[in-house]
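Notes for the one structure printed next.
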Amino acid sequence: MAAKKGFKERLKYFKPMLVNLFEPFKIIFRDPLGRIGAILLSIIILIAIFAPMLASHDPNQMNERIEGSVIPFDEDGEWKNYQVIGQRPLNEVALGDNYQLAAADEGYIYLKELGDDWQEFKLELNINFLAAAVYEELRFVAGEAGIILRQAADSWQIMPTNTEENINDLIILNSSQAYAVGDNGLFLSWDGDSWTEIDSSTTRNLREISFINSEDGIIVGDRGTIIHYRDGELSEPSFRSFMDSTFRDLLAVSYFNENQAIAVGERATVMIYDGQDWYTADSGASRSLNGVIHTSENEAYAVGLRGSIIKYDGESWQSLDRITRRDYRGISFADDQGYIYGVEPYINELAPPSRDHFFGTTHLGRDIWSQVMYGTRTALMVGIIAALVVNFIGATVGLIAGYYRGGVDNFLMRIVDIMYGLPLEPFAIILVLIFEPSLWIIIMAIGLLTWRTNARIIRSQVLSLVERPFIKAARVAGASDARIMLIHITPNILPLAFLQLAVAMGYAITAEATLSFLGLGPPQIYSWGTILHSARLSGAWRTAWWWVIPPGLFISVTVISVFLISRSLEVLTNPRLRGGRDNAPEAEEFENILPDEQ
Amino acid sequence: MGKGQYIAKRIIQLIITFFIILTILFFLFRLALPDPTAALVMDGLSAEEQALVRARFGLDRPLVEQYFIYLRNFLTGEFGISFHYKSAVFPILMEKLFNTLALMLPAIFISYLIGPLLGVLLSWKRGSNTEFAGIVGGLFLRSAPVFWTGMIFIMIFGIWLGILPTSGMRTLPYTATGNFDKIMTLDYLRHLFLPMLTIALYYLGLPMLIMRNTMLEIMGEDFIELCQAKGLSERRIMYKHVARNALLPVVTQAAITIGLAVGGQVVVEVVFSWPGLGREMIQAVRTSDFPMAQSAFMMMAGLVLIMNTVADLLYSYLDPRVVLKGGNK
């Protein structure tokens, strides 16, 4: 019973505190600017809470981007006008008389009629199409799992092949002769009716096949495989295996005439055939080459990873200027038309804002929008914790100094004076020098230094409170110092403390951003300051405006929302302001609107 | 309390406070980092050589003795040898301080020239949209992180328009016989423009809002009514009577701002690669150059304290009521 009464009694004391706690909210919402501030801050808080849901990507993930693109060969004999034709990488582009056919990943093919744009088709099969071939009205595509499709009327039909191996290249020589090569030495021949397998006497993956006429062709494949396929007067196909010193994978071949052929492969391997023998040549390139084609007797081009294009003039190779840094999968050419095509997935670095990445990407292909969303959490966490620490220390010191006055007051205020002599940023820098960079160092630096303003403001409020009759009455009634401070004074300084909380929070958020920007924040946590820090570090910020503007805007909006709230709370410190803005405000007002220079 | 007594009291307070900050700094460093030479000791240095290095920096003596040596060195202007530059810290710091002031003083001058004028305008137009826009604009300038506005300016003026240099104090290489020779050129002014603009805009809001608030307060006072009764024109009252009195807190704030600006705008120096005190300090922290970092910090703290005291004295000079009340506000 007694305990219960005690509890009720205590509740009674807390009631004024609670009332005083709600008072500020009412005041904020009465002021239009305060309302704007409160709404902005609420949005920021919601973003912080739901950051994982709002983030469209993992902020650490290096985002890749995939697209199918072609670079046409123009009239002047140059590769120009990079154009994206779809969202899937192209594996081969076959050139017909008045149309072009491209085989792409994930069951996509692209078709371009003369004078038309590229059109995308999605086939039922969900395999990657690796090869395409056309001859007059014959159109074939082939891909994984031994599948070869032939276009008949408006639909694509599967041609039976009896194999499960991936088909890497396909060629149609005439209406009754076609060949295909694939993994594990797969070599198929078509007689105008059905596909039959020919024993290639190798189990290496065969990559590409090239013919100069219906009886003379070359096949290349992994581990330096080169097979000459010469029909000659024989009705049966025959092989002549040819081994050279290279053991690197050969990925493409171009057979121009009996005395000229070029094969290229990984690590920029180039093999040249002079009609008798193969020998290696130095291409000057360093990356893997995925395609090669002759454009005339003494001219050939090879393409490869990271946008390398090299040109052969019959004697030597020379690198052409990069059009993109993306990977090419191959090159094709016929009748003055040609394409370089691809591309492999590439890191989507420094991409400007798009639907995929609202704020673009960093130099490592990381999504800036997601980083900014997570940064909201850091900013608010540091802001709130630091503000609580600042307020706790400041209010306690202010309360004790104001209540006891005299020597205690003098001593505490001298400490405050010392604190005013320590500039915040340099002090935090010194702390980081001594300890490791972390969020706690930042909170500690802010907490240790910025309570000085709070202490002064709370103290002056307490000084005037202790002169009030109700405090004197409590003292006469025999209340202890602790009781008076806790039960009679604290509820009255709470609104003021609340105002100081808002001011300290705005200040802490700026301070955190500043210190993180200087590289003094923990590197593994995203905050608005660290985003700007890494933008600066990468050097890319000078042109990547999407990397610089969003974090700064978030900082500004958050801080200004807190400013607006604290501004509307000013009537708490100066009740004369109540009832309209025409009332002349006190000179002190400015000190509270803006965080002190600390 | 007389004026002389008041000044003496403030100066004694200044000295005591600075002495305490020195002491805190010393113990903070020595207790958290018993051996700052660890950063200096290269791999493969023998124990004897290590001891030699420690002796050279006086680290082999007892802590109390080190403390007194530290105080003595400080009083005699002996700030130690930089680990990084391998030369005396003091002349380097003085040069950096000059560079910092060469950036901060023009910036503060401009913001305290334009800010109060805008403040007068705002108080004149009180209740209007102009005033509203001015307050929100002032708040925004204060909220936007200064390093961010600096980066935006570099992007616009340095990269996009390409009309202004974005880093350093002078185009390298240059020769200058002295500090003043260094800044007496057009090249310096071109380099100065962007960082100065950044800082000036940041500092603009404070004097503007202070001015506005003080103006509004003074307008409510009796002597203004008297002026109106005398039939003085509104313009005359505004400038001659209200603004003049309202300048008081602006002036003291300017003094405080100068003190803080020396240490407070490290980021601007970093963004614009300005070879100032703040950037030197960051570099010292990165290279674990303790004597340099420590001395740079002491220099900043000292300037803050001095300018705070100057502000107090200025205030007491401009508003004699302060001294009579005997308080330090």
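Quick notes
- Kirkwood-Stokes translational diffusion coefficient of the range A:351-491, alpha-carbon pairs, 37 °C, 0.692 mPa s, µm²/s: 180
- Residue-wise HN-Hα coupling along the range A:207-214, computed from phi with Karplus coefficients 6.51, -1.76, 1.60 (Hz; x: Gly, Pro): 9, 8, 10, 9, 10, 9, 8, 5
- Amide H contacts under 5 Å for A:TRP156, placed H, 5+ residues apart: none
- Hydrodynamic radius of chain A by the Kirkwood approach over all distinct alpha-carbon pairs: 30.0 Å.
- The range B:89-318, relative contact order in percent, only Cα pairs under 8 angstrom and at least six apart counted: 30
- 3J(HN,Hα) from dihedral phi, the range A:271-278, Karplus parametrisation 6.51/-1.76/1.60, rounded to Hz, x for glycine, proline: 10, 10, 10, 10, x, 10, 9, 9
- GNM top mover of B:ILE199, B:ILE237, B:ILE154 - chain B, alpha-carbon springs below 10 Å: B:ILE237
- Listed from fewest to most Cβ neighbours within 10 Å, the set A:ASP169, B:ASP319, A:ASP105 follows the order B:ASP319, A:ASP105, A:ASP169.
- Helix A:32-49 vs. chain A, principal-axis angle (Cα, 0 to 90°, nearest 10): 50
- Rg/Rh ratio calculated on Cα atoms of the range A:7-99 (Kirkwood radius): 1.51
- Between the amide H of A:ASN128 and those of A:GLU106, A:GLY107, A:GLU144, distances stay under 5 Å, these residues lying 5 or more places away or on another chain, with hydrogens modeled in the peptide plane.
- Rg(Cα)/(2.2 N^0.38 Å) for chain B, N = residue count: 1.22
- Normalised radius of gyration (Cα atoms, divided by 2.2 N^0.38 Å) for the range A:72-347: 0.93.
- GNM flexibility winner over chain B from B:PHE83, B:PHE180, B:PHE74 (Cα, springs under 10 Å): B:PHE180
- Derived scalar couplings between HN and Hα for the range B:289-306 equal 8, 4, x, 5, 4, 5, 5, 4, 5, 4, 5, 5, 4, x, 5, 4, 4, 4 Hz in order, rounded to whole Hz, by the Karplus curve 6.51 cos²θ - 1.76 cosθ + 1.60 (θ = phi - 60°), x for Gly and Pro.
- The value given for the range B:59-163 is a Kirkwood hydrodynamic radius of 18.8 Å, derived from the mean inverse Cα-Cα separation.
- Nonlocal amide H pairs with A:TYR229, under 5 Å, H built at 1.01 Å: A:GLY217, A:ILE218, A:ILE219
- Annotation: the residues B:ILE21, B:ILE69, A:ILE429, sorted from fewest to most other C-beta atoms within 10 Å of their own C-beta, follow the order B:ILE69, B:ILE21, A:ILE429.
- Its alpha carbons considered, the range A:83-127 gives a radius of gyration followed by a Dmax of 10.2, 30 Å.
Every read-out reported here was derived from the displayed coordinates using simple, explicitly stated rules and does not represent laboratory data. The structure presented is a predicted model; accordingly, all values stated were derived computationally and were not measured. In this analysis, Cβ positions are derived from the backbone assuming ideal geometry, glycine residues included, and neighbour counts consider all displayed protein chains.
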